[in-house]
Amino acid sequence: MTRLAAILKEKKTSYTAVATRARLQPRTVRQLATGETSIDNVAVGTVRRIAEALSVPTAALLEPELPLPGDPAASREVRLSAAIREVMWSGQPVAYASPVEATEADDIAGVEPQEFFADMPAIDVRRG
Amino acid sequence: MSVAAEDVYRRVDAADDLSSGDIAFLSLARSRLGGEAPPGEAYDPTGRIPAYPRPALLPLPHGREIAIDTMFALVVTHSCEIDRQKNLGASSDHFDCRLTVAPIVAEPAVRLVGPAADDLAVNWAAIEANQPVASLFLPPIEDVSVLAPGVDPLPWPRSFADLRGLTTVSRGMVAADRLFSLTPAYLGTLQRQLARFFTWRDIARHELVESLVGRIIVDAIPLNRRGDRLRIALTADDGSSVTVELKTK
């Protein structure tokens, strides 16, 4: 969820209402809120007008800098530390399709791996 | 019953060979039709997965696109497969570079919902027990720096590897941003989950079952019993047979 979407949700306001106050197209606000358009890729004036319409500082709309894998500007340790903070502990939880399908375990859910594969011969690692 | 972090994770050094169970920070690609929206409220209007942080979209010709999610993922390719070409004496320049990985979904990022967008109270308890076929539970860690020296002393939340999101990345990408790995013991659980996921709970012999449709079963012979499961050989009126396994309790 983008910061803009979180603020819209918190303030219980719509794309259209914000767009009207900011003198923008509702589609522009929607695309920024859904992340379809990155807020980093629009004019500063647009971000400022949305911030004013929401009565929040402009910085509140900017996404935190997510370190990217392999970024040579940061060491591996710095990249991984930042990624744990930003990715694993990201802000508001959002709906996600659960892998759970049933309230009760099926027959083999609890079978230990040794038993599960007990009758299976190992495959020769040298196979072509 | 949940497993303890010390039984699940192990430390890896940068020089260690890649292996099944490695956990790394990666960019994962999902290619699809432009704007394709899977059903359900777990997806935003353009079909992206909000729980996956800051996806990027790359347009492709003819109305296709690639969604890219930058997140932690678990290597599920079997270690023997990873090492196979090396063991055969192939030059590293000619290794198949692909590794199959599953995205890791963290508890703080999601509210797990069922098909009808309903919250299921059993979700995390079931995931912790590795009950679903599509997930591998990953327990929380108090301080990741114990397993990954140099990384800040941060906690790692309760999470799971989601086998529904398997994709491939290069070996080099895993090596560059690897955090830690799974213990050999827990790799057995990963392999069991993979077998369950790809065979959907049991090895299905569709052709044998289909061949019995419309036939009369003329004989049923009990075979061996293993735990609470009984195997029975069924013989049809045309002489064909199939072995089925039944739960007895």
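The values are calculated or read from the model by the stated rules, or taken from the named source; none is laboratory data. Treat the numbers as computed from the prediction; the structure is a model and nothing was measured. FYI the Cβ positions are ideal-geometry reconstructions off the backbone, even for glycines, and counts take in every protein chain you see.
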- Item | Condition broken by A:Thr103, with the remaining ones in (1) over 19 Å from the mean Cα position of the chain (by Cα); (2) at pLDDT 80 or above; (3) of a type outside the set (D, E, K, R); (4) not assigned by TED's automatic domain parsing to the domain that holds A:Val42 satisfied | (2)
- Message: Just to verify a result, which residue in region A:1-28, among those that are farther than 25 Å from B:Arg111 by Cα and within 14 Å of chain B (Cβ to nearest Cβ), is nearest to the chain's Cα centre (by Cα)?
- Response: A:Arg27
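For region B:152-249, which fully contained strands (runs of 3 or more DSSP E) count at least 2 residues that are at negative phi, in contact (Cβ under 8 Å) with a residue 40 or more places away in the chain and touching a helix residue (DSSP H, G or I) at 6+ places or on another chain (Cβ under 9 Å)? Don't jump to the end; show me each part of the working.
Values: elements: B:159-162, B:167-170, B:178-182, B:217-226, B:229-236, B:241-247.
Passing ranges, in order: B:159-162, B:178-182.
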- Query: Name the pairs whose Cβ atoms lie under 9 Å apart, with the first residue in region A:105-122 and closer than 21 Å to B:Thr248 by Cα and within 7 Å of another protein chain (Cβ to nearest Cβ), the second among the aromatic types (Phe, Trp, Tyr) and not in a loop (DSSP other than H, G, I, E, B), and 6 or more positions between them or separate chains?
  - Reply: A:Ile108/A:Phe116
- Every residue from region A:56-86 that is part of a helix (DSSP H, G or I), in contact with a helix residue (DSSP H, G or I) (Cβ under 8 Å, 6 or more places away or on another chain) and within 28 Å of A:Val29 (Cα to Cα): A:Thr58, A:Ala60, A:Leu61
- Note on the structure: Here, strands (runs of 3 or more DSSP E) confined to region B:28-113 with at least 2 residues that are at the interface with another protein chain (Cβ under 9 Å from one of its Cβ atoms), at pLDDT below 85 and surrounded by 22 or more Cβ atoms within 10 Å (Cβ to Cβ) are none
